[in-house]
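*Asks:* Have a look at the structure that comes next, please.
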Amino acid sequence: MSSGGVEIHAATDDRVPDIVNINNKFLSSKHALCCIPLSCQTAKLQRGVFSSCPDKMNVGGLAVDEESGEALGYCQLSFKGMPTELHTMKEGECYVEWLAVLPEARGKGVGTKLLKWAEETARSRKSSYMTLGVIRGNPAIRLYERDGFATIQEDYCEEFFGCCL
């Protein structure tokens, strides 16, 4: 990351490869059922998501280094009426589907900028509250708590893997 600042841009088709790269790097160390890697997103799949709900692009924020143009992180939001995985949207809710920062850009304020962008976007869409899910032990919990998020214990494992148990 250069010494310049970070700008947040709405997702665009030409930046889909960057979004996919960030998603896959973020998920490359995470596994479902302890053996299946979660990092299997492709540009074609991501474009399919945006194609099925074009407004998703408007509520996807890409953190970009002002000087180099390098993509550093991404935040995908959802609002009532938008398709989501593993979450049922409620009226007035802004749901942070995912927020990820590349390893080399962590600890430099990129996540904070993305979260502030998410809050501004939620307000502009008249959301009354924001929610997100985070895996227990994720160091990003400090970022969310610092920003005023409260911990609500929920276990999505049973909901997600219930058919396999």
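*Asks:* Treating each Cα of segment 65-141 as an identical point scatterer and ignoring solvent, apply the Debye formula and state log10 I(q)/I(0) at q = 0.12 Å⁻¹.
*Replies:* Treating every Cα as an identical point scatterer, log10 I(q)/I(0) equals -0.37.
*Asks:* In addition: Any chance you could look up the accessible area of Lys108 with a 1.4 Å probe, heavy atoms only, rounded to 10 Å²?
*Replies:* Solvent-accessible area, nearest 10 Å²: 110 Å².
*Asks:* Using a 1.4 Å probe on the protein heavy atoms, what percent of the accessible area of segment 104-153 belongs to carbon and sulfur?
*Replies:* Carbon and sulfur: 53 percent of the exposed surface of segment 104-153.
The values are calculated or read from the model by the stated rules, or taken from the named source; none is laboratory data. Note that this is a predicted model, so its numbers are computed, not measured. Areas reflect the complete protein model, heavy atoms only, side chains present, ligands, DNA and RNA absent. Shrake-Rupley method; radii C 1.70, N 1.55, O 1.52, S 1.80 Å.
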